[in-house]
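The values are calculated or read from the model by the stated rules, or taken from the named source; none is laboratory data. Note that the structure is a prediction, hence the values are computed from the model and not measured. Positions of Cβ are backbone-derived with ideal geometry, glycine not excepted, and every protein chain shown enters the neighbour counts. Protein only, heavy atoms only, side chains kept; ligands, DNA and RNA dropped before computing areas. Shrake-Rupley method; radii C 1.70, N 1.55, O 1.52, S 1.80 Å.
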Amino acid sequence: MKAKHFFLMLGLVAFGHAAFAQNTGYKMNVKMTDGSFFSVPANDVSEVYFTTTEEKHFTDTYYTVSGRAEKGPFKSGTTITMQPLDLMLNVLGSAQTTMTFDDCGNYAFRNTLFKYPYVLVSANGLFYNEVDDYNTRDAQIYLQCYADLQNGNKVNVNVVTHLISERVANLVIGGLDFDVALSQAQGELLSAFGLQRLNDKSFTQVSITDADDYAAGLLAISMPLQYSRKGSELISWLTRLRYDFADDGKFTEQNKEQYKKDRNNLSLSYYVQKLIEKYKEYGVTINVKDLKYFYDWDEDGVAGNEIYDPSQPVTYDVTSISAPKEGGTYIVNVSCNVPLYTSPLISGDANTNYNPWGRFVQTYMSVSSEYADGVWTIKVNPAMYKYISDAQVNLYDAVGNTVASVSISQAGNPDGTFLASDGVNYVTDLCRLLAQSHVKYKIADVKYTGIFPSEDFKAPLSPYDYNVRELFINPYQVINRNAQLLLMASETGVDALSPMCYVTNALMYYELVTMFGDVPYITTQQDTYSIPRTSSNEILNDLIANLTSIMDKLADVKAGFIDNAEDMAIPPKDLARVILADIYMYQGKYADAKVLLNEIVSGNRYSLVSSINNIEIDSPEVIWSQPSFGQTRSRANSTAIVLNENCIIKTYADVLLSLAECEDKLGNNAKASELLNQVKSAKGIETTSTDVLPAISEVRSKIQIDFGGYFAFLKRTGLAKSILGLEDYQLLFPIPQDEVSRNPSMTQNPGYDGNGGTR
């Protein structure tokens, strides 16, 4: 019988049976077959292996080796090299070379005679990077694979075979048989990734196109290696990992942390889809399992066991919190069978939506949370801003699935701010455009109605008149900005600035409709050159719906002079009331208008002043005024008169006269006269008419130079033609001719011919 030899191997991981010496200070005494002894201090012994020097015997065999080279698929023309090996990995004979014959990495060698069934196959060439979605051009990549052909003629070269290759060599040199070294090295690598369940199959037989667990495991290991790495960077990283793993079948903590960081940044579902699409370009349909189940997210040594299963639901005792503006700390007790986190470990696939409102409004709720051992501690910090948006805090499993959710509301800080710096700039610019548009409307109104005699803007108007063009275009500058904000609000579910948008939109559209009738109605940000006119009644009805929807969101406080973006961003309710009342009256809905106007009057926030015109911008009579952003002067009889030194939009006198109009239309003549007389008495105005509506017209003709709207009043009461001497078609301004020319859907108002003249 041939003698067995005994080897002491230090620092190797045990394979098969091993005896472990205790750290006792004793010696290990070994008696050899020839009767001799030797001793080794037990403290120096890590493991004991029994191997044999008996050489395995193989019969020369022909093998036709083929397979795939994959790191993502290698491109056509990649060089594949095959080297036969002996039992100790020594190269036998000369190497053979071939090339991949398609873009899926497929290769094949001719039938070859092997003395031993062991081979080293390597691939060197271009490959498809499934993470960065491109074919590497700055450097070729090299991967290699030790294979035992007894497992099959197919030899796939991939990341797993490459990372274990140096480890296999070390184990063979250390005394393990080639096939045992292959199995041990692969098992160690898979265990490092928590995928030991996949070690019953050699990865030389695995392809990422196989659509099974082994393919998913291979792709899961491979993808993070490519995150933010191209060409030479990837080669360097693979080399670093391969040699790190070679000595003891483990990775250093530093390398594990880097791999984990890269893994957590991946958008797995996105990259898998890109890989599927790439193979489809090659005419190959592949399926890939959910890779989230092939990572050891919580580092407990098993991949995929930390993902939440809804069939075993979580339980927790608090679902909502209502916090005061001072904040508070709240405890939630949670029971769940998987580890939970206050933020997803994986960021690439996490459902995080960018909130563009962060640039505009400050409604952020400051919340922090901690979770440990089933106790979820949620801390709501004191409110910093005037309005606080509702928040939601979640607990996630390792892959970002929301497992538990608590909604939080908080009272705002009355002394806090609302707009961020970008929001201040945006709203200030919006107000500037609104003031400029309203001033032009006011000037056109007083000129066209003769309150301010003028030869440059009177009936009949021309479609080519520059002033007509300005009156039509300027409101849309405000409307388009509002459309942009409303679109953002629609996408994010945040409507913090919607009230301001609806109020300012309503003013602009009301003024457009009273001048031009049907106009383009914009609900998304666009110019007026591509959409047709919408009926004025449809527009007004939509404005009513919008204003009505926001009433409960507005504060019932005094409006007056609005000289800062904060006050305009959160408009007082009276601004919405006075515009909505105008719309109702223009439609003949006097009962609805009366309710709103009475609410303004009963609020006792405004009072009349004796001035007929040139009221101070911060006068107690002003309901809505803004900075003028400049002055426009008109001349009559060589006397310069400032028409917009104060940009006043609505006044209390206007409200009382409108309420008098409502009462008159509803048959309450005595009440109408009482309201009319309040304005007449305060301002010392005498009227010649004994009827209410004509008397209101006389008063308005004297006071409305400050804020405009006299033409709209005359039209809705049927007095325009008789008082102004207008023809029917002149109750509307012409559509600017360049609008008609540029927009094939635009039509001209009746009475204004296409050559710019009138009938």
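Odds and ends about this structure:
- Leading residue by the ranking (farthest from C104 (Cα to Cα)) among those in segment 37-70 that are modelled with pLDDT of 90 or more and within 59 Å of the chain's Cα centre (by Cα): Y63
- Single unsatisfied condition, W357 versus (1) modelled with pLDDT under 90; (2) outside any loop (DSSP other than H, G, I, E, B); (3) open to solvent by 60 Å² or more (accessible area, probe 1.4 Å): (3)
- Single unsatisfied condition, N264 versus (1) closer than 18 Å to S228 by Cβ; (2) loosely packed, with under 14 Cβ neighbours inside 10 Å: (2)
- Members of segment 267-285 found to be basic (K, R), surrounded by 15 or more Cβ atoms within 10 Å (Cβ to Cβ) and out of contact with any Phe, Trp or Tyr (no Cβ under 8 Å at 6 or more places or on another chain), listed by number: K274
- Qualifying residue in segment 649-657 (condition: in contact (Cβ under 8 Å) with a residue 60 or more places away in the chain, surrounded by fewer than 22 Cβ atoms within 10 Å (Cβ to Cβ) and part of a helix (DSSP H, G or I)): no
- Qualifying residue in segment 460-467 (condition: closer than 25 Å to A506 by Cβ, open to solvent by 20 Å² or more (accessible area, probe 1.4 Å) and not basic (K, R)): yes
- Among the residues making up segment 222-236, those that are closer than 14 Å to R263 by Cα and out of contact with any Phe, Trp or Tyr (no Cβ under 8 Å at 6 or more places or on another chain) are S222, Q226, Y227, S228.
- Of everything in segment 206-228 that is outside any helix (DSSP H, G or I) and touching a helix residue (DSSP H, G or I) at 6+ places or on another chain (Cβ under 6 Å), the residue that is modelled with the highest pLDDT is V206.
- Some residue of segment 189-203 being crowded, with 17+ Cβ neighbours inside 10 Å, among the charged types (D, E, K, R) and either touching a strand residue (DSSP E or B) at 6+ places or on another chain (Cβ under 8 Å) or farther than 19 Å from V155 by Cα (or both): no
- Inter-residue pairs, beta-carbon under 8 Å, first in contact (Cβ under 8 Å) with a residue 24 or more places away in the chain and more than 13 Å from V578 (Cα to Cα) and in segment 499-514, second charged (D, E, K, R) and open to solvent by 10 Å² or more (accessible area, probe 1.4 Å), 6+ apart: P499/K553; T514/K715
- Screening the candidates G400, G450 for the property of being touching a residue at least 24 places away in the same chain (Cβ under 8 Å) and over 30 Å from V699 (Cα atoms) yields one hit, G400.
- Residues located in segment 541-593, provided they are of a type in the set (V, I, T), assigned to a loop (DSSP other than H, G, I, E, B) and open to solvent by less than 40 Å² (accessible area, probe 1.4 Å): I562, I570
- Members of segment 371-400 that are closer than 26 Å to G304 by Cα and either touching a Gly at 6+ places or on another chain (Cβ under 7 Å) or surrounded by fewer than 17 Cβ atoms within 10 Å (Cβ to Cβ) (or both): A372, D373, G374, V375
- Test: residue in segment 416-423 that is under 30 Å from L471 (Cβ atoms), in contact with a Gly (Cβ under 9 Å, 6 or more places away or on another chain) and of a type in the set (G, A, S): no
- Selection within segment 185-239 - among the acidic types (D, E) and in contact with a Gly (Cβ under 7 Å, 6 or more places away or on another chain): E188
- Of all residues in segment 507-524, those satisfying the criterion of being aliphatic (A, V, I, L, M) and either within 17 Å of E470 (Cα to Cα) or surrounded by 24 or more Cβ atoms within 10 Å (Cβ to Cβ) (or both) are L507, M508, L512, V513, M515, V519.
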